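Comments concern the structure below.
The values are calculated or read from the model by the stated rules, or taken from the named source; none is laboratory data. Keep in mind that this is a model prediction, so the values were computed, not measured. Reconstructed Cβ throughout: ideal geometry from the backbone, glycine too, with neighbour counts over all protein chains shown. Heads up: the accessible areas ignore ligands, DNA and RNA and are worked out on the full protein's heavy atoms, side chains in. Shrake-Rupley method; radii C 1.70, N 1.55, O 1.52, S 1.80 Å.
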Amino acid sequence: MKAVLCKAFGPAETLVLEEVASPAIKKNEVLLQVHAAGVNFPDTLIIEGKYQFKPPFPFSPGGEAAGVVSAVGENITHLKVGDRVMGLTGWGSFAEEIAVPGYNAMPIPDGMDYNTAAAFSMTYGTSMHALKQRANLQPGETLLVLGASGGVGLAAVEIGKAMGARVIAAASSADKLAVAKAAGADELINYSETNLKDEIKRLTDGNGVDVIYDPVGGDLFDQAVRGIAWNGRLLVVGFASGRIPELPVNLALLKGAAVVGVFWGSFAQRQPQDNAANFHTLFQWFAQGKLKPLVSQTYPLAQAGTAIDALANRQAVGKLVIAVR
Ligand SMILES: NC(=O)c1ccc[n+]([C@@H]2O[C@H](COP(=O)([O-])OP(=O)(O)OC[C@H]3O[C@@H](n4cnc5c(N)ncnc54)[C@H](OP(=O)(O)O)[C@@H]3O)[C@@H](O)[C@H]2O)c1
C-alpha cells in the first residue's frame, strides 16, 4: 500500500510517498481501507517534532480517517468487514490502509460521505465537548468563537447555534467571516481591522460574552478575556497563534468567571459513554441539516504535504481532506 512518510522531523516538503507493507492488526483493532483522511492542526506539529506525541520513524501523519473495514481483530464485536467507519488515529491516516483501535472507530451514519466523515470527528467532537460538558452553554447565552472559520472554530459556530446561543464569530478576514456567517453566525468581528475587546463590548451593550471559545491563544486571548461577562466561561482549546497566553487571575475574580480547559482526546478516552452520547446528538443534528461540515478543498495523497502547509499558513477554511482513494 502507499503511505505518506515522515522519516525525520522537518517541514511538509520533506514528506515522501512510498510503497510500504500493510499494517498487521492486533486483537482489539480493525484494518481500514482508507478512502479519505482529515487534515488537522496537530499534523502541522507532529511532522516538526513539536507535538505532544512523537511516533517512531518512519510514520505517516494524519489523525483521522474514513473508510471500509477489511479485517477485524478477534476482540472486536461492534464492527465487521465491509462496515463504513470513521476512526481517530492520532497519526497514520495519510495512507491507503491503517490499523485503528476498536474503541476509536465508529460507524459512519447513513447519508454521510467519506470526505465529510473524515472531516467530522476531531472538530465536532472537540467543539461539542467544549460547549456542552465544559461550558454548559445555555440557550440565549452569547458565545464568542475565535478563529471561527477554522476546523474546530467553524464546528463551534454551528454547534453553538444548534444549542440556541447567539454566536459572535471572530476571524482575520472578510472572506473567513463570510464562511462563518454562512454557518449561522449572528455577528461578525474582523480582528485584523478592529479591536476585539471594543467590538465585544459594542455587540453586547457593554456586558461581555458568556462563553469564549479560544483555539488561537496569543494576543487574541489577551483581548477576548477582557470582554467576558459576569459568570463567564473561557474555554482554553488551543494555541494556533503559537503563543500560550498568561492570565492575570484578578480578571477571573472580577467577573466571577471560570477558565476551563478542553482536552477532547482525553475526555473521549476517560468518558467514552458521554462522548458516544455527544456523537449521537451530533449525528442527529447532521441528519436534520443543522450541521453542514465544510470540506473546502480535497488533495490527492501525494499532495498531503501541500495540504498541511496550507493549514499551517492560515490559508484553510473549514476542513481540508486528503482523498486517499
Ligand atoms: N483541546 C482539544 O481537544 C483540541 C482538539 C482539536 C484541536 N485543538 C487545537 O485547536 C487549534 C485549532 O485547530 P484546527 O484544526 O481547527 O486548526 P485550523 O483549522 O488551522 O484553525 C485555526 C484558526 O486559528 C487562527 N489562527 C490565528 N493565528 C494563527 C496562526 N499563526 N497559524 C494558524 N492559524 C492561526 C486561524 O484563523 P484566523 O486567520 O481567522 O485568525 C485559523 O482558522 C489548534 O491549536 C489545535 O491543536 C484542540
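Taking A182, A268, A169 in turn, the Gaussian network model of the chain (Cα-Cα springs below 10 Å) assigns the largest fluctuation to A182.
Close amide-amide hydrogen proximity is noted between V236 and V260, G261, V262, each under 5 Å apart and 5 or more residues distant or on a separate chain (H modeled in the peptide plane; Pro and chain starts excluded).
Couplings 3J(HN,Hα) for segment 57-64, derived from phi with the Karplus relation 6.51 cos²θ - 1.76 cosθ + 1.60 (θ = phi - 60°), are 6, x, 9, 9, x, x, x, 8 Hz, where x marks Gly and Pro. Taken about its Cα centre, the chain carries a charge dipole of about 460 debye when Lys and Arg each add +1 at the Cβ and Asp and Glu each add -1 at the Cβ.
Compared with the rule-of-thumb size 2.2 N^0.38 Å for a compact globular protein, the chain has a Cα radius of gyration ratio of 0.99.
Note on segment 123-265: with charges restricted to the Cβ of Lys and Arg (+1) and Asp and Glu (-1), its dipole about the Cα centre is near 280 debye.
Using 0.36 nm times the number of residues separating A174 and K27, minus their current alpha carbon distance, what extension gain do you get?
Values: separation 147, 0.36 × 147 = 52.92 nm, distance 4.99 nm.
This chain segment gains 47.9 nm when fully extended.
Multiplying the residue separation of R325 and A276 by 0.36 nm and subtracting their alpha-carbon distance yields 14.8 nm.
Separation of segment 227-255 and segment 110-180, taken as the distance between their Cα centroids, equals 19 angstrom. When the chain is treated as a Gaussian network with alpha carbon springs shorter than 10 Å, the biggest mean-square fluctuation among A180, A155, A302 belongs to A302. Think of the chain as a dipole: +1 on every Lys or Arg Cβ, -1 on every Asp or Glu Cβ, centred on the Cα centre; then among I308, A66, I168, I168 lies furthest on the positive end.
Antiparallel beta bridges, as assigned by DSSP with both residues in the chain, represent about 55 percent of the total such bridges. Per-peptide packing, taken as the mean over residues of other Cβ atoms within 10 Å, places 218-227, 85-94, 142-151 in the sequence 142-151, 85-94, 218-227 from highest down. Estimated at the nearest 10 Å², the accessible area of Y191 is 40 Å² with a 1.4 Å probe. Only protein heavy atoms count here; under a 1.4 Å probe, D186 has an accessible surface of about 60 Å².
Work out the FRET efficiency for K201 and Y103 from their Cβ-Cβ distance, taking R0 = 56 Å, and round it to the nearest 0.05.
Working: r = 45 Å, r/R0 = 0.80.
The calculated FRET efficiency here is 0.80.
Separation of segment 57-73 and segment 260-325 by C-alpha centroid, Å? For segment 57-73 versus segment 260-325, the Cα centre distance is 15 Å.
Suppose every K and R has +1 on its Cβ and every D and E has -1 on its Cβ; what is the size of the dipole of segment 139-190 about the Cα centre, in Debye to the nearest 20? That gives a dipole near 40 debye.
If exposed GluC sites (Glu not before Pro) are those in a DSSP loop with at most 11 other Cβ within 10 Å, what is the longest stretch of the chain that has none? Could you put the intermediate results ahead of the total?
Working: sites that count: E74, E193, E246.
It runs 75-192.
Which of the helices in the chain meet the span-like rule: DSSP H, Cα axial reach of 15 Å or more, Kyte-Doolittle mean at least 0.0?
Numbers: long enough: 151-162 (17 Å, 1.12); 272-287 (22 Å, -0.39).
The qualifying helices are 151-162.
Sorted largest first, the spans of the alpha carbon positions of segment 123-265 along the three principal axes are 37, 34, 32 Å. Length gained on full extension, A258 to F9: 85.9 nm, using 0.36 nm per residue less the C-alpha separation.
Say the cut-off is 22 Å between C-alpha atoms; which of K132/K201; K292/K319; K176/K197; K26/K319; K7/K50 go over it?
Details: K132/K201 25 Å; K292/K319 12 Å; K176/K197 19 Å; K26/K319 31 Å; K7/K50 15 Å.
In this structure, K132/K201; K26/K319 lie more than 22 Å apart at Cα.
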